[in-house]
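Quick notes on the structure that follows.
The values are calculated or read from the model by the stated rules, or taken from the named source; none is laboratory data. Bear in mind the structure is a predicted one, so any value in this text is a computation, not a measurement. FYI the Cβ positions are ideal-geometry reconstructions off the backbone, even for glycines, and counts take in every protein chain you see. Areas reflect the complete protein model, heavy atoms only, side chains present, ligands, DNA and RNA absent. Shrake-Rupley method; radii C 1.70, N 1.55, O 1.52, S 1.80 Å.
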Amino acid sequence: MSWKLAASFPRIYSWWGSLAFRLTAGYALAGLLMVLLSTVILYFVLVTELDRSTDLFLADKLNVISTMLREHPSDLDDLREEVELESAARKYEHFYIRLLDERNVPLMSTPGMAEQLDFQQLPERRQPPARRGVPMKGRSGQSFRVTSSAVTVGSPPSRTVTIQVAVDISQKRELLARYRYWFWVILAGCLAIFPLVGYQIARQGIRPVEEIATTARHISSTNLHERIRPQGYAVELASLASTFNQMLDRLEESFERISRFSADIAHDLRTPVNNIRGEAEVALARARTLEEYREVIGSCLEETVRLSDLISDLLFLARAENPLPHLHRASVDVGELLGSVREYYEASAAEGGVSLTTTVGPGPIIAELDRTLMQRAVGNLVANAVAHTPPGGSVMLGAEAGDDTVRIAVTDTGVGIPAEALPRVFDRFYRVDASRSHASGGTGLGLAIVQSIMVLHGGKADIASQLGQGTQVNLHLPVPAKMTKM
């Protein structure tokens, strides 16, 4: 039995520290405090109003008796009826009146007053009459509220008489006692009910959070399609669910890209390795001449160069993702940079019957950038343009400066790119025509490297193309440019 109890402690402790318990405790305490505060305030308001109504009754009796003594001092029958008979006709709220002369000798009193009240506790004469009565206990334990006043008799006044009035407030005290009893009953009921109600409210409140947590627990690298349905949630939780779904969309897209990237790496690495292995196995199958061995070694060398270029590109992309890249910025003449790239590719372009031209300006453009990386980016664009431009076509390199940007454009009159392929051309290993890219030795990393270089410079690359008309790639560099008029 003890081990079962010990085993339950972690669950109990976990529930005590849970959000549901804290919300339940908060709701219950808030409800109890509100009920307690409300009932206490109502109790004191009730006590005040009961005392006020009693004081008004006492004041009214004093006013009636004082008026009779002042205006009709000889009408003893009416006075005796008011003092001795009216209280006897009451069933619940009894009151008692006593009249004293100047020497405190009783002149008239309500029957039974001596048995109910201790005259020594009655207040002395007051002039003017008190605004509020005084509580006191009767001989039998009843609760009374009493007051007194000294009034003049006749007009003009001939003597002074003290009026003492006491009213039995036992019924009102019983009313307050019943109120207090039901107050404790209600408070005990609230103490039992509020935690249950608070727990239900808390469960309803944290249900969306639990659903989000359940969805998150079901998500793995192979199960990223789970989504949270925010319908019916509060505005704040619906916003949280939408943000979580957007995060899952990005994660799913990233995992799909990584999966494609891994498959493409495996394919592009396997092709040259298989070619090298096939060439070597064929060469070793039988004796060869020296020339045949030389041809096999040359073919293997071409594949190793292709493999080395692929690995170099992958290493560059990996390093470009480093959050702290080190750019070697320097003042570079953009026109001179484009000219050097044009000269490098001019021979291969001429071999393919493609013309290369450069347009810069107006005037020279000097910008702060990494010359080596920018040469590589522009070179990749020119190599792609030359490879996909038929004989007789042209490739144009241009640059222009704005107020705070430099735009470099590479435009060709080649075959163009389908519109549905444009959003993905900067993805790694993406090829519009895979067979043609492999035949030309392309790896599908050229435009991805261009985009990475632009990101390192704080810029961006965009592309526009039409099938059969050509393609233009723009490199936007958000760097201040220094222009010199010619």
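Restricted to the stretch 283-308, and to residues there that are open to solvent by 80 Å² or more (accessible area, probe 1.4 Å) and within 60 Å of the chain's Cα centre (by Cα), the residue that is modelled with the lowest pLDDT is GLU302.
Among the strands (runs of 3 or more DSSP E) contained in the stretch 125-175, which hold 3 or more residues that are open to solvent by less than 20 Å² (accessible area, probe 1.4 Å) and either at pLDDT 85 or above or not aromatic (Phe, Trp, Tyr) (or both)?
143-153, 159-168
The number of residues in the stretch 53-95 being among the small types (Gly, Ala, Ser) and in contact with a Gly (Cβ under 9 Å, 6 or more places away or on another chain) comes to 4. The set of residues in the stretch 432-464 being at pLDDT below 85, buried (at least 17 other Cβ atoms within 10 Å of the Cβ) and part of a loop (DSSP other than H, G, I, E, B) consists of VAL432, GLY442, THR443, GLY444, LEU445, HIS457. Of all residues in the stretch 346-363, none that is exposed (fewer than 12 other Cβ atoms within 10 Å of the Cβ) has its Cβ atom under 6 Å from the Cβ atom of a residue that is among the charged types (D, E, K, R), 6 or more apart or on another chain. Which residues, taken from the stretch 58-88, are closer than 20 Å to LYS172 by Cβ, open to solvent by 50 Å² or more (accessible area, probe 1.4 Å) and either among the polar types (S, T, N, Q) or modelled with pLDDT under 85 (or both)? Within the stretch 58-88, GLU86 is the sole residue that qualifies.
Cβ-Cβ contacts under 7 Å between residues 6 or more apart (or on different chains), taken from a first residue in the stretch 179-190 that is in contact (Cβ under 8 Å) with a residue 60 or more places away in the chain and closer than 16 Å to LEU46 by Cβ to a second residue that is among the aromatic types (Phe, Trp, Tyr) and surrounded by 10 or more Cβ atoms within 10 Å (Cβ to Cβ), are listed as TYR179/TYR43; PHE183/TYR43. Of all residue pairs spaced 6 or more apart or on separate chains, those with beta-carbon atoms under 8 Å, a first member in the stretch 55-81 that is without any contact (Cβ under 8 Å) to a residue 24 or more places away in the chain and a second member that is charged (D, E, K, R) and open to solvent by 10 Å² or more (accessible area, probe 1.4 Å) are VAL64/GLU82; MET68/ASP75; MET68/ASP78; MET68/GLU82; HIS72/ASP78.
Kindly evaluate GLU115 against the criterion of being open to solvent by 90 Å² or more (accessible area, probe 1.4 Å) and in contact (Cβ under 8 Å) with a residue 12 or more places away in the chain. Reasoning before the result, please.
Numbers: open to solvent by 90 Å² or more (accessible area, probe 1.4 Å): yes; in contact (Cβ under 8 Å) with a residue 12 or more places away in the chain: yes.
Yes; evaluated as a whole, the condition is true for this residue.
In the set ARG257, ARG217, only one residue is touching a residue at least 40 places away in the same chain (Cβ under 8 Å), farther than 30 Å from LEU46 by Cα and either open to solvent by 80 Å² or more (accessible area, probe 1.4 Å) or aliphatic (A, V, I, L, M) (or both); that residue is ARG257. Would you please name the residue that is nearest to THR67 (Cα to Cα), looking only at residues in the stretch 142-192 that are in contact with a Phe, Trp or Tyr (Cβ under 9 Å, 6 or more places away or on another chain) and aliphatic (A, V, I, L, M)? Per the criteria, the residue is VAL165.
Take GLU252 and tell me if it is out of contact with any strand residue (DSSP E or B) (no Cβ under 9 Å at 6 or more places or on another chain) and either aromatic (Phe, Trp, Tyr) or surrounded by 15 or more Cβ atoms within 10 Å (Cβ to Cβ) (or both).
Details: out of contact with any strand residue (DSSP E or B) (no Cβ under 9 Å at 6 or more places or on another chain): yes; either aromatic (Phe, Trp, Tyr) or surrounded by 15 or more Cβ atoms within 10 Å (Cβ to Cβ) (or both): yes.
Criteria met by GLU252.
Would you tally the residues in the stretch 191-208 being under 26 Å from PHE244 (Cα atoms), touching a residue at least 40 places away in the same chain (Cβ under 8 Å) and open to solvent by 70 Å² or more (accessible area, probe 1.4 Å)? Looking only at that region, the number is 2. Considering every residue within the stretch 345-362, establish whether at least one is modelled with pLDDT under 80 and either farther than 25 Å from GLY444 by Cβ or among the aliphatic types (A, V, I, L, M) (or both). Yes: the stretch 345-362 contains one or more residues that are modelled with pLDDT under 80 and either farther than 25 Å from GLY444 by Cβ or among the aliphatic types (A, V, I, L, M) (or both). Condition (residue is touching a Phe, Trp or Tyr at 6+ places or on another chain (Cβ under 7 Å), more than 18 Å from GLN466 (Cα to Cα), in contact (Cβ under 8 Å) with a residue 40 or more places away in the chain and surrounded by 20 or more Cβ atoms within 10 Å (Cβ to Cβ)) applied to the stretch 415-428: is it met by at least one residue? There is at least one residue in the stretch 415-428 that is touching a Phe, Trp or Tyr at 6+ places or on another chain (Cβ under 7 Å), more than 18 Å from GLN466 (Cα to Cα), in contact (Cβ under 8 Å) with a residue 40 or more places away in the chain and surrounded by 20 or more Cβ atoms within 10 Å (Cβ to Cβ).
The single residue among GLU211, GLU236 that is within 22 Å of the chain's Cα centre (by Cα), under 30 Å from GLY31 (Cβ atoms) and open to solvent by less than 90 Å² (accessible area, probe 1.4 Å) turns out to be GLU211.
From ALA280, ALA263, grab the single residue that is open to solvent by less than 70 Å² (accessible area, probe 1.4 Å) and within 20 Å of GLU302 (Cα to Cα). Break it down stepwise before answering.
Details: ALA263 fails: within 20 Å of GLU302 (Cα to Cα).
Checking each option against the conditions leaves just ALA280.
Looking across the stretch 89-112, the residues that are surrounded by 11 or more Cβ atoms within 10 Å (Cβ to Cβ), touching a helix residue (DSSP H, G or I) at 6+ places or on another chain (Cβ under 8 Å) and part of a loop (DSSP other than H, G, I, E, B) come down to GLU93, HIS94, THR110, PRO111.
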